[in-house]
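Have a look at the structure below, then the notes.
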Amino acid sequence: MADTIRTGLTRRTFLKSTAATALATPAILHFTRAYAQNPTLKLGYVSPKTGPLAGFAEADDYVLDGIRKVFAGGLENNGKNWAVEIIVRDSQSNPNRAAEVASELILKDEVDILLGAATPDTTNPVADQAEVNGTPCITTDCPWQPYFFGRGGNPAEGFESTYHFFWGLEDVIANFLALWDHPGVEKKVGGLFPNDADGNAWGDAELGFPKPLAAAGFTLTDPGRYQPLSDDFTAQITAFKSAGAEITTGVMIPPDFGTFWAQAAQQGFKPKIVTIGKALLFPSAIEALGERGNGLSTEIWWSPNHPFVSSLDGTTAKALADGYVSATGKPWTQPIGFRHALFEVVSDVVKRAADMEDSEAIIEAIAGTSLKTIVGTVDWSKGPVKNVSKTPLVGGQWQKQGDKFELVITTNTQAPEIPVGGELALLG
Amino acid sequence: MAGFSIQRSTRTSRATALVALLVLAALVAAPWWAGRADLRLLGEIFSFLALATLWNLLAGYTGLVSVGQQAYVGFGGYALFALAMFLGVHPLLAIVIAGIAGALIAIPIAPLLFRLQGAYFAIGTWVLAEVFRLSFAQVSALGGGSGASLPAGVVTGIASERFVREAMIYWTALAIAVAALAFVILLLRSRTGLALTALRDSEIASESLGIGIWRTKLAVYVSVAGLTSATGAFIFLQKLRISPDAAFSVNDWTAYVIFIAVIGGIGTIEGPIIGTILFFLLRETLADLGTTYLMILGAVAILVMLRAPKGVWGIIAERTGWSLVPIRRRVVFPQ
């Protein structure tokens with residue numbers, strides 16, 4: 001009997017000590033790394049490389065190539081040179097997969113900073129995994145309300161380790177209102193808001209479009225949330241026609257807008273201004289609409305005409321966009337600037353972090369960022385809420401110039417430093 | 001002729017039982033020998049093993065080819081979020097409750113689906129999953145179409161120490177996979193198992209032999225729904241975030257699961273285990289190839305279906321005559 005008890009105790013002690021060693025191992029590894037000749041900083045980056053959101057990550061390879069060249073010589077931190085390794089993972093446009101690859105980057109690759117981009121379907125699962133594990137995380141390319149409130153954020157507390165920079169709904173609303181301020185257009189708006197993360201936020205009675213539109217004297221016809229990938233917008237079109245809407249707005253995915261816009265033509269609904277978020281961002285989406293793509297308007301987060309330069313190497317917005325066009329033969333897209341800016345912030349954080357071995361210190365450095373990037377200033381001390389920093393937003397219109405569509409900035413009331421490129425033309 | 005006896009276990013099956021016990025012991029001890037990332041990956045592997053084993057019971061043994069099991073995965077996930085966020089139920093307890101809730105909700109659904117046969121049943125289950133997806137997209141308390149994140153506090157509330165917490169989550173996954181496997185094996189060894197085998201081969205013939213078809217199918221469907229819901233609850237405890245499209249994803253929770261069962265071998269216990277291992281080997285080595293990876297998966301599935309309709313285990317079993325899990329009954333006459 002005594003024997004059994006003794007072995008039991010021995011086993012337990014053994015397990016305990018093994019567990020303690022196992023627990024301590026990462027700390028020991030970290031300790032040795034700091035004194036290594038060439039310590040390596042690991043960055044994990046998650047984006048939708050394939051799937052329906054692939055347009056957002058189309059320019060990733062080009063931007064990452066440029067960034068890898070800049071980081072080739074390593075980054076300085078406290079007089080020590082850190083080699084940089086960027087591990088890229090594809091979310092397949094699937095939030096389940098995004099959560100899985102993010103957790104793999106944290107647990108298996110043990111990245112020092114986790115990065116994520118493009119729509120709540122990527123930023124939110126990535127940031128959630130980072131938050132639970134206390135990993136420093138920077139995301140972009142998703143309006144801040146779906147990011148912050150969509151993750152159950154509390155403005156008083158914020159998040160521990162996850163930070164985000166982009167613009168917000170209030171900026172979109174202000175820009176859209178400025179676009180619609182036209183003497184030849186009645187202040188009657190039809191709203192198309194889907195039942196998804198963006199649609200629910202934009203259509204929200206308190207935080208979304210309805211209140212500011214009413215305050216600015218617009219009447220909004222909102223037939224309710226439609227299910228994404230809908231094939232019939234007759235109910236909405238009928239409601240807009242009977243309300244006499246001259247403006248149409250919303251936040252749609254490209255296939256839904258294509259369906260709506262074709263049915264609007266069939267059913268004789270002819271708004272004078274159509275300003276849609278998300279669906280009209282990419283040149284490919286506009287080209288798919290043919291002639292009817294001309295004159296549609298949208299929000300502009302970044303363009304080659306933005307008067308900003310990269311903090312890494314002084315590249316101008318124009319040079320970055322032109323480089324992409326000449327390297328790929330494709331038209332420039334808005335995410336290019338934000339991908340570049342994401343790594344600008346990382347580089348700046350590494351320079352300032354008190355101790356690269358300590359994730360607390362990295363988080364502190366992120367929170368203390370005040371950096372002029374290629375998309376504007378990123379500064380988390382001025383955010384609308386904790387953990388969020390806002391970049392400037394303007395509005396504009398797709399105008400046919402020759403045989404190509406150009407996205408022309410037509411309103412800059414929210415960011416006067418960005419020059420206007422033309423005037424808004426009403427739809428025929 | 002009186003001296004015959006029924007034998008079920010074979011020498012291989014007894015050896016397998018021993019090996020399985022050793023493997024199980026090693027897996028139980030995994031928190032002490034595996035890294036954090038390995039534990040998490042194992043957790044995911046176990047959840048797919050459970051889903052594939054359960055789907056295999058439906059399709060391979062009961063003849064209920066469902067392409068809508070994501071209905072219960074998503075239901076379980078949402079049940080976990082609702083219980084943990086609104087009622088403050090301990091997440092691990094919530095997994096059990098989600099399982100019971102999944103079984104309960106399957107009881108009124110089953111009679112509706114059983115009115116459909118074959119391909120119509122398959123489509124019916126998919127429609128059901130879409131109904132679930134659209135319904136949960138309307139519940140604004142759970143984030144509607146936008147989805148919701150599990151507050152970090154719910155997860156850290158499992159246990160304050162990270163090692164303990166991750167070990168507990170891991171053991172939950174292991175328990176779910178073992179429970180699913182044990183359930184299927186024990187069921188198939190029971191009287192119901194015999195009825196199921198008859199049912200799969202010919203519904204009309206088995207009914208004429210006095211098997212209560214409807215009751216047997218109902219019991220299997222409901223219990224599979226319950227276990228699938230519990231697995232779903234666990235999956236979304238690891239994902240931390242739920243949205244209707246992710247929860248009721250036909251690709252993630254049914255297409256991959258069918259792939260696993262098909263390449264492993266439908267209608268065998270060993271099939272889903274081998275299929276799960278193959279699937280994760282493919283994923284861990286090829287997932288970075290993007291769309292090419294999905295095309296390879298598709299090609300593998302087509303190849304296996306054409307060249308080896310019984311799956312990888314089917315080939316092995318045919319060549320060697322092995323039966324690792326003692327389900328089959330053999331009549332033995334004394335020499």
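Set side by side, the residues B:Gly63, B:Gly77 differ, and just one is on the phi > 0 side of the Ramachandran plot and either of a type in the set (Asp, Glu) or within 17 Å of the chain's Cα centre (by Cα) (or both), which is B:Gly63.
Mind listing whichever residues of the range A:146-156 are more than 10 Å from chain B (Cβ to nearest Cβ) and either buried (at least 24 other Cβ atoms within 10 Å of the Cβ) or closer than 21 Å to B:Leu142 by Cα (or both)?
Narrowing the range A:146-156 to residues more than 10 Å from chain B (Cβ to nearest Cβ): A:147-148, A:155-156.
Answer for the range A:146-156, where residues must be more than 10 Å from chain B (Cβ to nearest Cβ) and either buried (at least 24 other Cβ atoms within 10 Å of the Cβ) or closer than 21 Å to B:Leu142 by Cα (or both): A:Tyr147, A:Phe148, A:Pro155.
In the range A:370-393, the qualifying residues are those that are assigned to a loop (DSSP other than H, G, I, E, B) and more than 18 Å from the chain's Cα centre (by Cα), and the one that is modelled with the lowest pLDDT is A:Lys382. Confirm whether B:Ala84 is within 14 Å of chain A (Cβ to nearest Cβ), assigned to a helix (DSSP H, G or I), crowded, with 22+ Cβ neighbours inside 10 Å and in contact (Cβ under 8 Å) with a residue 60 or more places away in the chain. Yes; evaluated as a whole, the condition is true for this residue. Can A:Ile113 be described as in the same structural domain as A:Asp348 (by TED's automatic domain parsing) and modelled with pLDDT of 95 or more? So A:Ile113 fits the description; yes. Only one entry of A:Leu312, A:Leu296, A:Leu220 meets the criterion of being in contact with a helix residue (DSSP H, G or I) (Cβ under 9 Å, 6 or more places away or on another chain), outside the structural domain of A:Trp180 (by TED's automatic domain parsing) and touching a residue at least 24 places away in the same chain (Cβ under 8 Å), and that entry is A:Leu312.
All told, A:Val345 falls short of being of a type in the set (A, V, I, L, M) and either part of a loop (DSSP other than H, G, I, E, B) or touching a helix residue (DSSP H, G or I) at 6+ places or on another chain (Cβ under 6 Å) (or both). Number of residues in the range A:307-342 that are under 26 Å from A:Trp398 (Cα atoms), charged (D, E, K, R) and not in a helix (DSSP H, G or I) equals 1. Only a single criterion out of (1) within 14 Å of another protein chain (Cβ to nearest Cβ); (2) farther than 28 Å from A:Pro210 by Cβ is not satisfied by A:Tyr163, namely (1).
Total residues in the range B:65-81 satisfying the condition of being part of a loop (DSSP other than H, G, I, E, B) and crowded, with 23+ Cβ neighbours inside 10 Å: the figure is 3.
Taking B:Gly99 as the residue in question, decide whether it is buried (at least 22 other Cβ atoms within 10 Å of the Cβ) and on the phi > 0 side of the Ramachandran plot. It is false that B:Gly99 is buried (at least 22 other Cβ atoms within 10 Å of the Cβ) and on the phi > 0 side of the Ramachandran plot.
Every condition in (1) within 14 Å of another protein chain (Cβ to nearest Cβ); (2) without any contact (Cβ under 8 Å) to a residue 60 or more places away in the chain; (3) buried (at least 24 other Cβ atoms within 10 Å of the Cβ) is met by B:Leu237 except one, and the failing one is (2). In this structure, A:Asp204 does satisfy being within 14 Å of chain B (Cβ to nearest Cβ) and within 21 Å of A:Ala178 (Cα to Cα). The helices (runs of 4 or more DSSP H) found wholly in the range A:134-243 and carrying at least 1 residues that are closer than 28 Å to A:Ser381 by Cβ and of a type outside the set (Phe, Trp, Tyr) occupy A:144-148, A:169-180, A:197-203, A:210-215.
Screening the range A:256-288 for residues that are β-branched (Val, Ile, Thr) and not in a helix (DSSP H, G or I) and picking the one that is farthest from A:Glu299 (Cα to Cα) gives A:Ile273. Just give me the residues in the range A:265-276 being of a type outside the set (S, T, N, Q) and under 14 Å from A:Gly293 (Cα atoms), in sequence order. If the condition is that a residue be of a type outside the set (S, T, N, Q) and under 14 Å from A:Gly293 (Cα atoms), then A:Ala265, A:Lys270, A:Pro271, A:Lys272, A:Ile273, A:Val274, A:Ile276 are the ones that fit.
The values are calculated or read from the model by the stated rules, or taken from the named source; none is laboratory data. These numbers were taken from a predicted model, which means no experiment stands behind them. All Cβ positions, glycine included, derive from the backbone under ideal geometry; neighbour counts span all protein chains shown.
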